[in-house]
There are 2 protein chains.
Amino acid sequence: VTDSRPIGVFDSGVGGLTVLRALKAALPTESTVYLGDTARVPYGTRSAQTVITYAVNNARTLLKHGDIKALVVACNTVSAVAIEALRDAVSMPVIGVIEPGAEAALQALSVLRSMHPSSMSSSPSITVLGTQGTVRSGAYARVLAARGHAQPTTAIACPLLVPLAEEGWTTGDVPALVIDRYLQALPADVGVVILGCTHYPLLKHVIAQRLAIHRPGAIVVDGAAATAAATATLLKEHGLSSPAGATPSHRLLVTDAPQQMAALAPAFLGETVDPSSIELVDVIFDAS
Amino acid sequence: VTDSRPIGVFDSGVGGLTVLRALKAALPTESTVYLGDTARVPYGTRSAQTVITYAVNNARTLLKHGDIKALVVACNTVSAVAIEALRDAVSMPVIGVIEPGAEAALQALSVLRSMHPSSMSSSPSITVLGTQGTVRSGAYARVLAARGHAQPTTAIACPLLVPLAEEGWTTGDVPALVIDRYLQALPADVGVVILGCTHYPLLKHVIAQRLAIHRPGAIVVDGAAATAAATATLLKEHGLSSPAGATPSHRLLVTDAPQQMAALAPAFLGETVDPSSIELVDVIFDAS
């Protein structure tokens, strides 16, 4: 069984394009429709209730504009607080970034243990960098504990990293200084740091560099590739994979300012986007 | 004639509390109802059309919740693009922060000229620091030109200053480095720098400090006090001033996350606020 309909992907704005990039790389024959809710970005500072409302609005907006077969939530904040509400709202497979990211962190941890670097605690812990909403939710800690990870998981809210990534200040003194300040809160026994926000891959090299100074041997994990792999598995399980050799199409929708999405696309998506190809749509507020 | 009804004040979020603070200081007998649209903050990166829609929504939300006699737009981005739409939408005096801020800059410029510091150009220019929306609008340049200011007005978008102010990182290396980077774009002949965003007063001391290094003798102007003075004049002109000796009341409304508004109030408003006194309201979307 195959299904040539597109995968729906949404994020509060441009951050999810890092996940879309991984999806396109891992699933080159799958079509996608990506929605960035740029009229209401960012979500990371909002209440859980408001994030749930916006997430369900976005799912309905995608359903209105595309005949999608599955929904990828390319946003940590939404995945942390709204995944159940989304599963209730739509009748298709829904995948978030938290579970694949947590899984990738556990794999990195077992690699680390097998290497047992001398600089490292014998039972290293995991720290999540994320938005205030993701940190407050405790979602990564819950998923990691459910998978049998015994060490307490810590989380550090890093509100300045999103604007730094969007401003394009990803090298030099400023990001290094900002990241140093956030990394001061790292526990001594940290072994794996999860990039718990889809904007952070743009700063991955600086985070890794500073981490190497503060906690030599610790590993940085980004859940985008793991999310793409989990999506591939889910599609297969549901008989929703695209036909072999299919030529994919890719659409980008935004709720505001297509020009800005186009300007940021190269850094986040890894390719240029023609601004006129980005569709400006209204948010759908009500149940359809 | 007097009028004891409150003044309505709104902003995208907490930034406008710096204007509310100036209003309360200048008009101690006036009551106020402040709305922070924290469910959709920030506005500075959004399109003009979306900012206009949100601004009119906010005016209607204030009208629904308070019997207000005048409307103060405590946000530069809204004042820059939506002031005419607001004047069409409500039947009461509407005052923004751009005209008073521009007026204050011209006064500072004439003080500067009378002092003619040797480090300064004989006809110093004005630079505005603001959000992308305020900079793109060219609103300050238009108002200054209309008032006969001949030098070209420059504007620098400083997207990182809002998150820095909200994160409370207003001293030390990080804000100094970020501000230095933005001030690199200052013209050589700058005499006055306008803080064209209601968040920036929290960083005024660092901006002034760095400016003193880059452009000795230049002056930093913040429009909050000028806006409060202009509001006092407007109320008097319309017979809307409160009775002498009136005991004012002050209400704070938000569209999301009252706790966060309460946490940021001390830095922006200069006083603590009981979180339970902040009213959570829904945005009014439609014309009433």
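Quick notes on this one:
- Where only C-alpha atoms are counted, convex hull volume of region B:39-104 per residue in Å³: 89 Å³
- Shielding score for B:41-50, defined as the mean number of other chain Cβ atoms within 10 Å: 4
- C-alpha long axis of helix A:258-269 to longest principal axis of chain A, angle in °: 50 degrees
- Helix B:173-183 and the longest principal axis of the Cα set of chain B meet at an angle near 70°.
- Hz values of 3J(HN,Hα) by residue in region B:145-153 - Karplus curve (6.51, -1.76, 1.60), Gly and Pro given as x: 5, 5, 8, x, 6, 8, 5, x, 8
- Relative packing of B:219-232, A:172-185, which averages over residues the other C-beta atoms within 10 Å, highest first: B:219-232, A:172-185
- For chain B, the longest principal axis of the Cα atoms and the long axis of helix B:76-89 meet at an angle of about 40 degrees.
- Projected-area average for region B:122-267 over all orientations - Cα convex hull basis, square nanometres: 11.6 nm²
- Note on region A:1-138: Kirkwood hydrodynamic radius from all Cα pairs is 16.2 Å, rounded to one decimal.
- Candidate lysines - alpha carbon under 24 Å from A:K64, same-chain residues fewer than 8 apart omitted: A:K24
- Taking amide hydrogens as placed 1.01 Å from N in the peptide plane, the amide H of B:I219 sits under 5 Å from those of B:V192, B:V193, each at least 5 positions away in sequence or on another chain.
- Remark: mean inter-chain Cβ contacts per residue of B:203-210 equal 0, using a 10 Å Cβ-Cβ cutoff to other protein chain atoms.
- Across the identical copies, how the A:G245 labels are spaced - nm, sorted shortest first, 7 Å along Cα→Cβ: 9.3
- Taking only the Cα atoms of region B:189-242, the ratio Rg/Rh comes out at 1.17, with Rh defined as the Kirkwood radius.
- For region B:126-151 and region A:2-56, distance of Cα centres in Å: 37 Å
- Taking amide H as placed 1.01 Å from N in the peptide plane, A:I95 has its amide H under 5 Å from the amide H of A:L71, A:V72, A:V73, each at least 5 places away in sequence or on another chain.
- Shape class of region A:210-288 from the alpha-carbon gyration tensor: oblate, with a/c at 1.5 or above and b/c at least as large as a/b.
- Protection proxy ranking of A:192-201, B:50-59 - average other beta-carbon atoms within 10 Å, highest first: A:192-201, B:50-59
- Taking region A:5-132 and dividing mean pair separation by its residue count, relative contact order in percent (alpha carbons under 8 Å, at least six apart): 27 percent
- Along each principal axis, taking the top coordinate minus the bottom one, the Cα set of region A:102-199 gives 38, 31, 20 Å in descending order.
- The protein assembly as shown: mean projected area of Cα convex hull, nm²: 28.2 nm²
- Under 5 Å between amide hydrogens, built in the peptide plane, is the criterion, and for B:V33 it picks out B:I7, B:G8, B:V9, B:R251 among residues at least 5 positions away or on other chains.
- Percent of Cα-Cα distances greater than 34 Å, calculated over chain B: 17 percent
Readers should treat all values here as calculations from the given coordinates under stated rules, not as data from a laboratory. Keep in mind it's a predicted model, so treat the numbers as computed, not measured. With ideal geometry, Cβ positions are generated from the backbone for all residues, glycine too; neighbour counts draw on all protein chains shown.
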